[in-house]
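We did not get these values from a lab; they are worked out from the coordinates using the rules stated. Not measured: the values here are computed from a predicted model. Every residue, glycine among them, receives a Cβ derived from its backbone with ideal geometry; neighbour counts consider all protein chains shown.
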């Protein structure tokens, strides 16, 4: 088995020693994406804006790998406040087409850069 690192210049650089995504055996494993603007490095305050940007960043990586939201199999959503679940869910539901991917959602104490939301996924390669 070989693996290929996927990197998009349209996404903020990783904040640690990891790849944006890794492709192997027809699957793409995308690292958690924060709601950070790629060019400015700015993270907006609202969970809605952060969710939109996290999905923009996720989408750029999916496209770089030649796939897209319709081929996402599983996501993990991390929230620092479960009170944000409804707002995040509404934006998430607009991004992913039906049938929706499987998903886990967890409340966590803290995220990198004090983000409010982080989203990762596993997708099929097209």
Discussion item. I need the strands (runs of 3 or more DSSP E) fully contained in segment 22-126, keeping only those with at least 2 residues that are surrounded by 14 or more Cβ atoms within 10 Å (Cβ to Cβ) and under 11 Å from the mean Cα position of the chain (by Cα).
Written reply: 27-34, 72-79, 117-124
Worksheet item: Could you give every pair whose Cβ atoms fall below 7 Å, whose first residue belongs to segment 19-48 and is without any contact (Cβ under 8 Å) to a residue 12 or more places away in the chain, and whose second residue is surrounded by fewer than 16 Cβ atoms within 10 Å (Cβ to Cβ), counting only separations of at least 6 or pairs across chains?
Response: none
Discussion item. Residue under question is residue 11, and the condition is that it be in contact with a helix residue (DSSP H, G or I) (Cβ under 6 Å, 6 or more places away or on another chain), closer than 21 Å to residue 91 by Cα, in contact (Cβ under 8 Å) with a residue 40 or more places away in the chain and assigned to a loop (DSSP other than H, G, I, E, B); does it hold?
Written reply: yes
